[in-house]
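Each value in this text was obtained by applying a stated rule to the coordinates, not by laboratory testing. Predicted model, so just to flag it, every value in this text is computed and none were measured. Ideal geometry is used to build each Cβ from the backbone, glycine not excepted, and the neighbour counts take in all protein chains shown.
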2 protein chains.
Amino acid sequence: MTPQTTLEDRRASARDALERCQALVEPALKEAVGTLHPWPRRMAGYALGWCEADGSPAATAGGKGIRPALAVLGAEAAGAPEEAAVAAAVAVELVHTFTLVHDDIMDGDERRRHRDSAWKAFGTGPAVLAGDALFALAAETLARGGGARSGAAVGLLAAALRELVHGQADDLLFEDRPWTGPEAVTLPEYLAMAAGKTGSLLGCALALGPVLAGAHPPVVLALTEAGRLLGTAFQAVDDVLGTWGDPRATGKPVHGDLFRKKKTLPVLAALSASTPDSRELAALLSSPAPLTEATAHRAATLMERTGARTATLTQARTLIAAACDHLTSAPLAPGAADELMGLSEYLLARYV
Amino acid sequence: MTPQTTLEDRRASARDALERCQALVEPALKEAVGTLHPWPRRMAGYALGWCEADGSPAATAGGKGIRPALAVLGAEAAGAPEEAAVAAAVAVELVHTFTLVHDDIMDGDERRRHRDSAWKAFGTGPAVLAGDALFALAAETLARGGGARSGAAVGLLAAALRELVHGQADDLLFEDRPWTGPEAVTLPEYLAMAAGKTGSLLGCALALGPVLAGAHPPVVLALTEAGRLLGTAFQAVDDVLGTWGDPRATGKPVHGDLFRKKKTLPVLAALSASTPDSRELAALLSSPAPLTEATAHRAATLMERTGARTATLTQARTLIAAACDHLTSAPLAPGAADELMGLSEYLLARYV
C-alpha cells in the first residue's frame with residue numbers, strides 16, 4: 001500500500017481482503033460447526049449470524065469476520081501453507097464467537113448485531129453450553145488440523161484465553177469501583193484490561209498461522225504484539241460507538257454503554273479531564289438512580305465537551321500506528337503485510 | 001488384586017490409591033490454579049473445595065479426586081513417565097471442575113458438596129467466567145506440559161468435551177420429553193447420554209497419559225472404552241444416590257432428583273416396569289404441580305417397589321465388569337491395572 005492511495009482505496013482493499021478471507025474460511029467453519037450436536041449447532045449458527053433462533057436462514061448479516069481475516073493474513077504474511085491459515089482462522093472465529101456468547105451472559109447484554117443475544121434467545125443455561133461447545137470445537141480444530149505444531153498452537157490459544165479471562169475479570173471488577181477518587185479506574189488500568197479482553201485474541205489470531213508454520217519467534221512475537229495493539233484500538237473504537245454510535249449501524253441501543261454505566265475509555269477520559277463538565281458527568285454517573293434518556297444524552301454531551309471522543313479516537317490511532325510499526329519491522333511477505341495494514345486502518349474507519 | 005481379598009481390603013486399597021495420586025497431583029494443580037487472575041482463582045479454589053467463598057480455608061472436604069487418580073493410574077498402566085501422568089491428571093481435574101461449575105448453572109443446582117454451588121455463591125456471570133478460566137487452564141496445561149504429543153492429547157480432551165456437550169445437550173432436552181408414551185426417553189437413550197456426559201471424561205482421563213507417552217492405539221482404545229463404561233456406571237450410582245442417598249453423605253437434598261423431576265436411570269427403569277406402581281409414579285411425575293415432601297417420598301417408595309434401585313445397581317455392576325474386561329484384555333502394567341480395578345469397584349462401593 002503506497003502513501004498515494006486514498007482512504008476510499010484503502011477501505012475497498014480492506015473489504016476485498018475480508019471477502020477473500022471469508023470465502024477461504026467459511027466452508028471449513030461450516031463443516032466444523034456441522035459436526036456439533038443439533039442443539040448447540042443451532043445456537044452456534046445463531047451466534048455466528050447464519051440463522052435465526054428457530055433455525056431459519058438469518059435475516060441480518062453476521063460479523064465482519066475480522067479475526068479470521070487477521071488469521072489468514074497473519075499466516076500468509078509468515079509464509080504459512082493455506083491449511084494452517086484455515087485451521088487457525090476457524091479456531092479463532094469459534095473462540096471469538098464463544099467469548100461473545102459468554103460475555104453477553106456476564107455483562108447482561110440483551111442485544112447483539114440487531115438481534116437478541118444468545119442467552120436472551122435460548123436461555124442462560126443453553127447459551128453457556130453453546131459457548132462451551134464452540135470452545136471445545138476450536139481446540140479440537142486446532143489440535144487435529146494443526147499438524148506437528150498443533151500442541152504449540154493450542155498453547156498459544158489457551159494463553160490468549162487466560163489473558164482474555166484476566167481482562168474480562170478486571171472489566172467485571174471495574175463495575176464496583178467508584179467513578180472518582182483514589183480508587184477510581186485509571187486510564188492505564190483500562191488499557192491493560194482492553195489489551196487482555198480484546199487484544200489477546202487478535203494477537204493470537206495473527207500469530208497462530210505463523211506458529212503452525214514454524215515461523216521464527218521474532219516474527220511470531222511481532223505479529224502477537226501488533227494484534228494486541230490492534231485489539232486495544234478496536235476496543236477504544238467500540239467504546240466510542242457504544243456511546244455515540246448510530247444504533248442502525250451498531251445494532252445496539254443509543255448511549256447503550258452509558259445506560260449500563262460501563263466504565264469505558266471515553267468516560268474515563270472525560271472524568272480525568274477535571275473540568276466542570278467532568279464533575280457534572282461524575283455526579284450524573286455516581287447517582288444511584290438509573291440514567292434517563294435525557295440524562296444519558298446530557299452525559300454524552302458533557303463527555304463530548306471534555307474532548308473525550310477525540311482523545312479516545314486519537315488513542316486508537318496511536319495504537320494502530322504502533323501496531324503497523326511492529327508489522328513493518330518484521331520480515332513479512334509484502335502483499336499480506338500491506339493487506340494487514342489496510343485492514344488495521346479499516347478497523348478505525350468503522351467509525352470515522 | 002487376588003480373588004481372596006475382602007471388600008474391606010479393596011476399599012482400603014482404593015483409598016490408598018486415591019491418596020497416593022492426590023499427593024502426586026495436588027502440588028501441580030495448586031501451582032496451575034495459582035497462575036489465574038485472583039478472582040477466577042478464588043472461584044476455582046472454591047469449586048475445587050480448597051476454600052470458602054470469602055477465600056478462607058475450606059471447612060468441608062473437596063472432591064474425592066477420582067478423575068485425576070484415573071489419569072495417574074491410566075498413565076502408570078501404560079508405562080508413561082510421571083510428568084505425563086501429572087499433566088494429564090491436572091488437565092482432567094481442571095476440566096471436571098469446569099464442567100461441574102457450568103453444569104450447575106445449566107441444571108439450576110443450588111447445592112454441591114454440602115455448600116452453595118459456584119453460581120449460587122458468586123453469581124451466574126462470574127461462575128461462567130470461572131468455568132472458562134478452568135477450561136483454558138486445562139488446555140494450556142496439556143499443551144505446555146505434554147511434550148511432543150501434546151497436540152494429540154489436546155485433541156483427545158477436546159473430543160471428550162464434544163461428547164460431554166452432546167450428552168449434556170441431550171440431558172437438557174430430556175427435560176421437555178414426556179414421562180410415558182412413544183416420545184418418552186428410553187433406557188438406551190439414557191445410557192448413551194450418560195456415556196457422553198460422564199463417561200467421555202473418564203475415558204479421556206484413563207487415556208490421556210498413555211497418549212502423551214505414545215502408547216499403542218489398542219491400549220489407548222481399551223482404556224478409553226473402560227473409562228467410558230466406568231463413567232456410565234458412575235452416573236447410574238449417582239442417580240441412585242440422588243434419589244435415595246443420605247443427604248449427610250451426598251451433600252445434596254434428599255430425593256433431590258425427584259423434586260427436580262429429573263429423568264434419571266432409576267426413574268426410567270421404574271416407569272418401564274409397566275406395573276400399577278409405575279403407573280402411579282408416572283401420574284405423580286406428569287402432574288404439573290411440584291412434588292411435596294410426601295409425594296416425593298411416595299415416588300421413591302413406588303420406584304423401590306418396581307425394583308428400580310436394584311436394577312440400576314445391577315446395571316452399574318454390569319458396566320463395571322465390562323470395564324474390567326477391557327482392562328484385563330489390554331497389555332497393562334499389572335500393579336496399576338489392579339489398582340484401577342480396585343478403584344472401579346470402589347466407585348460402586350460408594351453406595352453399597
Legend entry - Per-residue average of Cβ from other chains inside 10 Å of B:146-157: 5
Legend entry - Value at 222 nm in deg cm²/dmol, rounded to 500, when DSSP H runs of n ≥ 4 in chain B each add -39,500 (n - 2.57): -23500 deg cm²/dmol
Legend entry - Calculated FRET value between residue A:329 and residue B:322, using beta carbons and R₀ = 56 Å, to 0.05: 0.40
Inset, instruction - Over the residues of segment B:7-349, compute the C-alpha Rg and express it relative to 2.2 N^0.38 Å. - result: 0.98
Inset, instruction - Note the full-extension length gain between residue A:114 and residue A:184 as 0.36 nm times their separation in residues minus their Cα-Cα distance, in nm to one decimal. - result: 21.9 nm
Inset, instruction - Could you tell me how many degrees, from 0 to 90 and to the nearest 10, lie between the Cα long axis of helix B:38-47 and the main elongation axis, the longest principal axis, of the Cα atoms of chain B? - result: 60
Inset, instruction - Round to a whole angstrom and tell me the spacing of the C-alpha centers of segment B:155-230 and segment A:225-267. - result: 42
Inset, instruction - Specify the angular offset, from 0 to 90 degrees and rounded to the nearest 10, of the alpha carbon long axis of helix A:200-212 from the longest principal axis of the alpha carbons in chain A. - result: 10
Legend entry - Cα centroid separation - segment B:1-77 against segment A:290-311, whole Å: 53
Legend entry - Total charge dipole magnitude, chain A, about the Cα centre, Cβ charges on Lys, Arg, Asp, Glu only, Debye to nearest 20: 320
Legend entry - Zone of residue B:293's modelled label, taken as backbone nitrogen in segment B:231-262 under 12 Å from a point 7 Å along Cα→Cβ: B:254
Inset, instruction - Report the FRET efficiency, 1/(1 + (r/R0)^6), for residue A:83 and residue B:221, where r is their Cβ-Cβ distance and R0 is 35 Å, rounded to 0.05. - result: 0.80
Inset, instruction - Per residue of segment B:57-72, in order, report the coupling 6.51 cos²θ - 1.76 cosθ + 1.60 (Karplus, θ = phi - 60°) as ³J(HN,Hα) in whole Hz, putting x for Gly and Pro. - result: x, 5, 8, 10, 6, x, x, 7, x, 5, 5, x, 5, 4, 5, 5
Inset, instruction - Compute the long axis of helix A:276-286 from its Cα atoms, compare it with the longest principal axis of the Cα atoms of chain A, and write down the angle in degrees, 0 to 90, nearest 10. - result: 80
Inset, instruction - Taking 7 Å along the Cα-to-C-beta vector as the label spot, tell me the residue B:15-residue B:249 distance in nanometres, rounded to one decimal. - result: 1.4
Inset, instruction - Note down the net charge around residue B:298, summing +1 for each Lys or Arg and -1 for each Asp or Glu among other residues with Cβ under 13 Å from its Cβ. - result: -3
Inset, instruction - Between the label point of residue B:55 and that of the same position in each other copy, find the distances and list them shortest first in nm, with every label point placed 7 Å from Cα along the Cα-to-C-beta direction. - result: 4.9
Inset, instruction - Between the label point of residue A:217 and that of the same position in each other copy, find the distances and list them shortest first in nm, with every label point placed 7 Å from Cα along the Cα-to-C-beta direction. - result: 3.6
Inset, instruction - Ignore the peptide's own chain and count Cβ atoms of other chains within 10 Å of each Cβ in B:164-177; give me the average, rounded. - result: 4
Legend entry - Lys, Arg +1 and Asp, Glu -1 on Cβ, resulting dipole of the protein assembly as shown about Cα centre, debye, nearest 20: 620
Legend entry - GluC sites (Glu not before Pro) restricted to DSSP loop in segment A:173-254 with at most 11 other C-beta within 10 Å: A:183
Legend entry - Label geometry 7 Å along the beta-carbon vector: residue A:180 inter-copy distances in nm: 6.9
Inset, instruction - Could you size up the charge dipole of segment A:174-290 around its Cα centre, putting +1 on the beta carbon of Lys and Arg and -1 on that of Asp and Glu, and report it in debye to the nearest 20? - result: 200
Inset, instruction - Using the charge dipole of segment A:7-349 (Lys, Arg: +1 at Cβ; Asp, Glu: -1 at Cβ; taken about the Cα centre), state which of A:219, A:180, A:89 has its Cα farthest towards the positive end. - result: A:180
Inset, instruction - Hey, can you grab everything whose amide H is under 5 Å from the amide H of residue A:51? Only 5+ residues off in sequence or another chain; H modelled, so Pro and N-termini drop out. - result: A:46, A:58
Inset, instruction - For residue B:112, list long-range residues whose amide hydrogen, built 1.01 Å from N in the peptide plane, is under 5 Å from its own amide hydrogen. - result: B:117
Inset, instruction - Given the options B:21, B:204, B:51, state which has the largest fluctuation in a GNM of chain B using a 10 Å cut-off (strictly under) for Cα springs. - result: B:51
Legend entry - Average other protein chain Cβ within 10 Å of Cβ, residues A:102-110: 3
